1. Given the condition surrounded by fewer than 13 Cβ atoms within 10 Å (Cβ to Cβ) and either at pLDDT 65 or above or touching a strand residue (DSSP E or B) at 6+ places or on another chain (Cβ under 8 Å) (or both), answer yes or no: does some residue in the range 95-105 qualify?
2. If you scan the range 40-70, which residues turn out to be of a type in the set (A, V, I, L, M, F, W, C), within 15 Å of A26 (Cβ to Cβ) and free of Cβ contacts under 8 Å to residues at least 40 places away in the same chain?
3. Give the number of residues within the range 9-50 that are of a type in the set (G, A, S), surrounded by 17 or more Cβ atoms within 10 Å (Cβ to Cβ) and at pLDDT 90 or above.
4. Taking the criterion of being of a type outside the set (K, R), more than 25 Å from G124 (Cβ to Cβ), modelled with pLDDT under 90 and surrounded by fewer than 18 Cβ atoms within 10 Å (Cβ to Cβ), would at least one residue in the range 53-66 satisfy it?
Amino acid sequence: MAEEGFRGPQVCKIVGITYRQLDYWARTDLIRPSIADAKGSGTQRRYSYQDLVELKVIKNLLDAGVSLQLARKGVEYIRKNLGEDIGSASLVIDGPKSVLARSDGEVIDLMRKGQGVLSIVALGPVVDQLDSAIHELHPTEPKDSEKAPARAVSGGG
C-alpha cells in the first residue's frame, strides 16, 4: 500500500513554517517531496515522514541562526550518513562552521572554515516535536478493542 503522505498545508502546520518557505525550498531543491512532487497547476506535493524530519531540522537550524546554505549542507550530510537514525545525533553549530556530533562520540566537521558562537541543535527532540505535532493533527483511531461491537447478523436457520 502506497504511503499517503502529508500535503503542503499540513506540513507547514506540523513543521512551523510558511507555505512560501516550503514552496521555495521545494523549488530550489533543498527538500523535494519524496512521495509526490507538484506536476503543474492543481497537483499537490506529498511529503513523507522523513521529509518532515528534514524540514523540521532545517527550521531549527534557521531558528538557531544558521544560514540556509549551511542548513542545506547539514541536511545533505544527514541524508547521506544517518538516514533513519537522525534522532541519535546533534548538530553543533559554530557560526559559519558546522559540526555533526554523533551520539557514539564520533564528530564530523561539515565545513572546515570560520569561527563564531556555538549553538547545539539536538535532533532527537526534533523527532519528538514532529511526532507530537502530527498526533495533534491526526489523533490515532481507537484500537479494535475500544470500538463498539459489531451487530450480529442472523443467518436464518
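1. No: zero hits.
2. If the condition is that a residue be of a type in the set (A, V, I, L, M, F, W, C), within 15 Å of A26 (Cβ to Cβ) and free of Cβ contacts under 8 Å to residues at least 40 places away in the same chain, then I58, L68 are the ones that fit.
3. Here the count works out to 1.
4. Checking the range 53-66: not a single residue is of a type outside the set (K, R), more than 25 Å from G124 (Cβ to Cβ), modelled with pLDDT under 90 and surrounded by fewer than 18 Cβ atoms within 10 Å (Cβ to Cβ).
The values are calculated or read from the model by the stated rules, or taken from the named source; none is laboratory data. Small disclaimer: the values here were computed from a predicted structure and weren't measured. Neighbour counts are summed over all protein chains in view; Cβ atoms, including those assigned to glycine, are modelled from backbone coordinates with ideal geometry.
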